Amino acid sequence: MTASVPLIRPAARPRDVFASDPVRALTGQEAGKLANWCLGLGTPLIPSYAPIVTVASTSELLFQYRVRPRFQALQRLWQFRMRAADPMEVSIEIPSGATGIVAPVSDTRETAFSFGIVETLGSQSSAETELTCAITPGDTTSLTIESISCIELPRAFLAVGNADLGTELTRFVTGQPILANLDNALDAIADPTLVGRRASLSQWSVPATVGGATSTAHAKASVGTGSYETIYAGLPVLTRKDAPTATTGVVMCKMLAWVTGGTADLRLNSSVHGPSSAVNISNTSPAWTANPITLAVDCENLAASDGRQGGVFDRLTPEMRKNTSGTVRVAAVSIWEN
Amino acid sequence: MGASPHEGRIAFAAAQFGADFPHSTHLAKSLVAENLEHIADQIGHACVGWKSPNPTTQFFTHRAHTSTAQPLLIWESDPFHVTLAADGTPYPLRVDAAGFATQAQPVTFRLVVAPPGRSIRYAHTPTAEQVVDCTTSSTSDGWLTHGDTLVQLSAEDVVVGLHRFGTIDSVGGDPITVDVVRATLSVWALTSNLSAALRLTGCYAQEYVGL
């Protein structure tokens, strides 16, 4: 099988196609290469973000994320950048509950480094799922977690017969049918959820569970006032552009949240398009919102030098509101493209 | 202007094209080649993205300045994978940063994209294409104003950032290798007054195919 995935973006060569000439096998092959590249490139599941979690205990810290991975991924690269008051070690489990891997932690920013761990998947899936990792400090030295990220490793080549949707490049020979070989590529192109979707636009997660028990130490909290409060303010967002006339794209969001009683509302607020409809919660222990929050936000403008619509950032702010007395807490916000 | 003249995906139903269907010029040009070019234009990664939920108490800062000419590291992302265009050049990164100064003095947050271990080289080169400066005198937190929004690795950076990963060829399959180009986004602090420090409270970087 040679449904190979190049490192450098191939060119599909639409200008090789003329109305008066037959379509060449070579043109089909170049399109197949580009389709494989788009499908096998890999994507960030957790864009590098700063939890800014500082602890001085040996209790396990559980981080939870909600993602829609790409089917083609076989392995993920997790990376952790941490700094401590003195050199120390931590144990990292991926996912939470797996065998811990010991990682060193430096005591200066200039010598801090990203410690990488490869997670190998037991099966392929593009279904929405939860990712977890657990960090357990080795001693009570003050430790700050400065960055966490997770990236799907690219593929060397794709399978042709399953949902990898790989295109076999050796079958594009003169006299052979072209379309049969591009069947998988056509399926991918026709469904924008199958190729090119950004698995995550942003992730923010702090521990809602510390030492195996629910913790309020790190979550963002709001007491009942009836007014929406900011979870974090105005992170830029741009989805990919789909239809030629599109100026917006839809983002999906789920939050890890809970209340002390009564109900709370969670929503997204775009600086350009306004707020989404709210999702209501009443759970009293940390749980992901059952239904996603959806909102149309700016998509990329290919006529702009930096892709922004109107030269401004569309800024997305997650918000929470406690409807009655009591407290709502949010420990994670996961946002991805539809 | 994207690689596709439509600047968008032309929708169609794949089921209408069977294996023995003639490969028409319309299908080859618009539905396959140009659609794929558009999908590739829009495939840039979301590499970095965070904003402190408590900016007055949760932020990153730097060691004490001893010179107004010396950039000091505030924060660096984990390495991310860089997308390479058809000519081998990397997709530019659209960037943004948030923060404030501890005193009402001009300070500069310098955003630098570079292969891992090389950001300090560009931290001293404000005119490099790898650098965007965000200057503020505000003691209130907020996303910073900056004229430039794009940073880009050079051809040399691509060579330096090339990394070979060992992976597998299928679920439970055999070992194989893949090449990626890796880079980080770092934020450096410069101050006009040695008593004015910088507090970084947010950072963003997303690839964009560019014009």
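Across peptide A:182-192, the mean count of Cβ atoms from other chains lying within 10 Å of each residue's own Cβ comes to 6. Expressed as a fraction of 2.2 N^0.38 Å, the value expected for a compact globular protein of N residues, the C-alpha radius of gyration of segment A:111-182 is 1.88.
Give me B:I39, A:I293, B:I120 sorted ascending by neighbouring Cβ count inside 10 Å, so fewest comes first.
B:I120, A:I293, B:I39
Rounded to the nearest 20 debye, the dipole magnitude of the protein assembly as shown is 740 debye, with +1 charges on Lys and Arg beta carbons, -1 on Asp and Glu beta carbons, and the Cα centre as origin.
The label-point distance for A:T120 and A:E229, in a model that sets each label 7 Å from Cα toward Cβ, rounds to 4.6 nm. Could you list, in their original order, any pairs among A:K254/B:K29; A:K241/B:K51; A:K33/A:K254 whose Cα atoms are separated by more than 29 Å? As for pairs spanning more than 29 Å Cα to Cα, those are A:K254/B:K29; A:K33/A:K254. Summing Lys and Arg as +1 and Asp and Glu as -1 over all other residues whose Cβ lies under 13 Å from the Cβ of A:P44 gives a net charge of +2.
When you look at the Cβ of every residue in A:229-240, what mean number of other chain Cβ atoms sits within 10 Å?
Per residue, the number of nearby Cβ atoms from other chains is 6 on average.
In plain terms, the C-alpha convex hull of segment B:1-137 casts an average shadow of 12.9 nm² when viewed from every direction.
In the neighborhood of A:P14, defined by Cβ-to-Cβ distances under 11 Å, what is the net charge if each Lys or Arg adds +1 and each Asp or Glu adds -1?
Values: positive: A:R13, A:R15, B:K29; negative: A:D16, A:E30, B:E34, B:E37.
My count for the surroundings of A:P14 gives -1.
The loop-placed chymotrypsin sites (Phe, Trp or Tyr not before Pro) in segment A:1-83, going by DSSP, that have at most 12 neighbouring Cβ atoms within 10 Å of their Cβ come out as A:F18. Overall shape of segment A:71-212 was characterised from the C-alpha gyration tensor. The equivalent ellipsoid obtained from it has semi-axes of 42, 15, 13 Å, in decreasing order.
State the percent of C-alpha pairs, over all pairs in the protein assembly as shown, separated by a distance greater than 37 angstrom.
Roughly 30 percent, rounded to a whole number.
Pick from A:N162, A:N36, A:N301: which residue has the top mean-square fluctuation in a GNM of chain A where Cα pairs under 10 Å get a spring? It is A:N162.
With K and R counted +1 and D and E -1, the other residues having a Cβ less than 12 Å from that of B:L150 yield a net charge of -3. With Cα atoms defining each centre, segment B:23-72 and segment A:262-338 are spaced 20 Å apart in the structure.
Show me the ranking of peptides B:79-91, A:87-99 by mean Cβ neighbours inside 10 Å, starting with the highest.
B:79-91, A:87-99
How high is the relative contact order of segment A:142-269? Use alpha-carbon pairs under 8 Å, at least six apart in sequence, and give a whole percent.
Taking the mean separation of contacting Cα pairs over the length of segment A:142-269, I get 10 percent.
Taking 16 Å as the straight-line reach from the Cα of A:K220, the aspartates and glutamates in range (excluding those fewer than 8 positions away in the same chain) are A:E229, A:D265, A:E319. Contact order for chain A, expressed relative to its length and based on alpha carbon pairs under 8 Å spaced 6+ residues apart, stands at 21 percent.
Mean separation of Cα pairs under 8 Å and 6+ residues apart, divided by the residue count of chain B: what relative contact order is that in percent?
33 percent
Averaged over the residues of A:27-33, the number of partner chain Cβ atoms lying within 10 Å of the residue Cβ comes to 3.
Ranked by the mean number of other Cβ atoms within 10 Å of their residues, highest first, the peptides B:169-179, B:200-210, B:93-103 come out as B:200-210, B:93-103, B:169-179.
Values quoted throughout were computed directly from the atomic coordinates according to the rules given, and no laboratory measurement underlies them. All figures in this text were calculated on a predicted structure; none of them were measured in a lab. Positions of Cβ are backbone-derived with ideal geometry, glycine not excepted, and every protein chain shown enters the neighbour counts.
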